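Here's the structure we're looking at; comments come further down.
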Amino acid sequence: MNRSRQLTVLSRHFLQTPNVRIFSRSLTSLGGLGDQEHRKPSKKLYETHVPISGIERTVLTAASAVTALNDPLRGDMVATLGETTGRLFLSRMRDQMLESSVGRRILRERPIINTRTLDFDELKRTCAPGTFGQIYVSWLEDQGVTPDTRCDVKFVDDEELAYVIKRYREIHDFFHTLTGLGVTVEEEIALKWFEWAQTGLPMTMLASMFGPLRMSWPERRRLYTNYVPWALQCGASCTPLMNVYFEEHFHTPLDEFRKQLGVTLPPYHSFHNQ
């Protein structure tokens, strides 16, 4: 089977997956204004919460979906869409965490990842070369990114689920460190496929399916033939990363940490710098 035929079959397969069907139901269900779940909360449930009514949620979902479809790498709109459509999947992620002793501890202790809670100078001094912490800090510096850039959670009408999506956003850079992927368009989309396999979140599906439209045909072919199979296999088979207390593994050799979690590196090509 030639590569063009492979891509056609692959595209048809993913458009029929349960995640896509559930995502569609999630969008349409937001119009049920009589549903208690979508009524405007009477008060803020957490510090950054913005209570909105059912109709406001529907309008916000539609607006963020249109913007995110036009630019799947528009982080703020993808984040908003994730909050307004992801309740089912966030509940599943929370339940998965509750099944793990480490996940339960994370939900209980609620660690936060930013430059105020992590001592990066200390990590630089104490993490030996090749450890998860040393490579994580080096990756942040090399890519010119910081953990302080994550969007606040605003539209999740459940305080615990709001923390779940906050944690998911904050450990995103750890995913980059584990997989060796950078922040180019190709690498970010490859990682979104990995995250879709891990979480099922509609926003990861959106970026996975529509992000490649911004790429050239050779780039899309490379993505689908090399990276998507790796992302789906690795994302589905490795340890659920929401159940990993990453902050306790900064001094673990990265190769050893990957083996513990069952994370394999993606195939090498020009945009992957091991």
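The values are calculated or read from the model by the stated rules, or taken from the named source; none is laboratory data. What you see is a predicted model, and the numbers here were worked out from it, not measured in a lab. Heads up, the Cβs are rebuilt from the backbone with ideal geometry, glycines too, and the neighbour counts pull from every protein chain shown. Note: accessible area is taken over every heavy atom of the protein model, side chains too, but ligands, DNA and RNA are not part of it. Shrake-Rupley method; radii C 1.70, N 1.55, O 1.52, S 1.80 Å.
Looking at (1) assigned to a helix (DSSP H, G or I); (2) surrounded by fewer than 17 Cβ atoms within 10 Å (Cβ to Cβ); (3) at pLDDT below 85, find the lone condition where Lys43 falls short. The failed condition is (1).
Restricting the search to helices (runs of 4 or more DSSP H) fully inside segment 163-233 and requiring at least 1 residues that are open to solvent by less than 10 Å² (accessible area, probe 1.4 Å) gives 172-179, 185-199, 202-210. Regarding Glu141, is this residue closer than 28 Å to Phe210 by Cβ and not hydroxyl-bearing (Ser, Thr, Tyr)? Here the answer is no, as Glu141 does not meet what is asked. With respect to the conditions (1) under 21 Å from the mean Cα position of the chain (by Cα); (2) more than 20 Å from Tyr163 (Cβ to Cβ); (3) at pLDDT below 80; (4) assigned to a helix (DSSP H, G or I), Ala62 lacks only one, and its number is (3). Name the single residue that is nearest to Ile55 (Cα to Cα) among those in segment 79-98 being open to solvent by 50 Å² or more (accessible area, probe 1.4 Å) and in contact (Cβ under 8 Å) with a residue 12 or more places away in the chain. So, considering only residues that are open to solvent by 50 Å² or more (accessible area, probe 1.4 Å) and in contact (Cβ under 8 Å) with a residue 12 or more places away in the chain, the one nearest to Ile55 (Cα to Cα) is Arg87. Candidates in segment 234-256 are the residues that are crowded, with 16+ Cβ neighbours inside 10 Å and farther than 30 Å from Asp121 by Cα; of these, the one that is nearest to the chain's Cα centre (by Cα) is Gly235. Of all residues in segment 136-157, those being open to solvent by 40 Å² or more (accessible area, probe 1.4 Å) and either farther than 16 Å from Leu118 by Cα or in a loop (DSSP other than H, G, I, E, B) (or both) number 9. Once segment 183-229 is narrowed to residues that are out of contact with any Pro (no Cβ under 7 Å at 6 or more places or on another chain) and of a type in the set (Gly, Ala, Ser), the residue that is nearest to Val78 (Cα to Cα) is Ser208. Assess whether Glu122 counts as being open to solvent by 10 Å² or more (accessible area, probe 1.4 Å), at pLDDT 95 or above, touching a helix residue (DSSP H, G or I) at 6+ places or on another chain (Cβ under 7 Å) and outside any loop (DSSP other than H, G, I, E, B). Criteria not met by Glu122. Just the residues that are in a loop (DSSP other than H, G, I, E, B), without any contact (Cβ under 8 Å) to a residue 60 or more places away in the chain and closer than 22 Å to Arg108 by Cα, please, taken from segment 234-263. Hit for segment 234-263 is Thr239, nothing else.
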